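A quick write-up on the structure given underneath.
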Amino acid sequence: MSQPPALCRLDDIPDGGATAVDASLVDGEESLILLRRGEQVHGYLNVCPHAGRRLDYAPGKFLLKNDTLICAVHGATFNQGDGLCIAGPCRGEHLRTVAVQVDEGEVRLA
Ligand code: FES
């Protein structure tokens, strides 16, 4: 089985930071949020459950505070680790997880 194409290199994401990449998913081309913590990367759809907007304030630039990610549109606040909205207009909803893996320094869809 051939590997899915790399989304980016692990080193393209600052440790403790995030970036946005485009990926081909079953539903078509989507923007993903990739959050890095050391060698680990969490992936989510870059679609806010509140109003369906992107969460970044500029492409690939996210508001990160402590262990949360804050939607730049109306301030919904999500746990980085599980995507749960803990404050703001869509409290209790989740970002949609997209499984990713790190393989030889490359981030790929899992
Ligand atoms: S679209 Fe994200 S908080 Fe409204």
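Derivation of every value follows stated rules applied to the coordinates shown; laboratory data play no part. Everything numeric in this text was worked out from a predicted model, so none of it was measured. Positions of Cβ are generated from backbone atoms using ideal geometry, with glycine treated the same way; all protein chains shown enter the neighbour counts.
Values for this structure:
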item	result
Semi-axis lengths, Å, the chain, gyration tensor of Cα atoms, sqrt of 5 times eigenvalues	23, 15, 12
Once exposed loop GluC sites (Glu not before Pro) are cut out (DSSP; at most 14 other Cβ, 10 Å), longest piece of the chain	40-103
Cβ-derived FRET efficiency at R0 41 Å, residue 57 paired with residue 11, nearest 0.05	0.95
Label-point separation, residue 79 to residue 3 (7 Å along Cα→Cβ), nm	3.1
Percentage relative contact order, region 6-102, counting C-alpha pairs under 8 Å, at least six apart	22
Likely footprinting exposure, 24, 2, 31, fewest C-beta neighbours within 10 Å first	2, 24, 31
Residue order, fewest to most beta carbons within 10 Å, for 13, 70	70, 13
Projected label distance in nm at residue 64 and residue 96, using a 7 Å step from Cα toward the beta-carbon	2.4
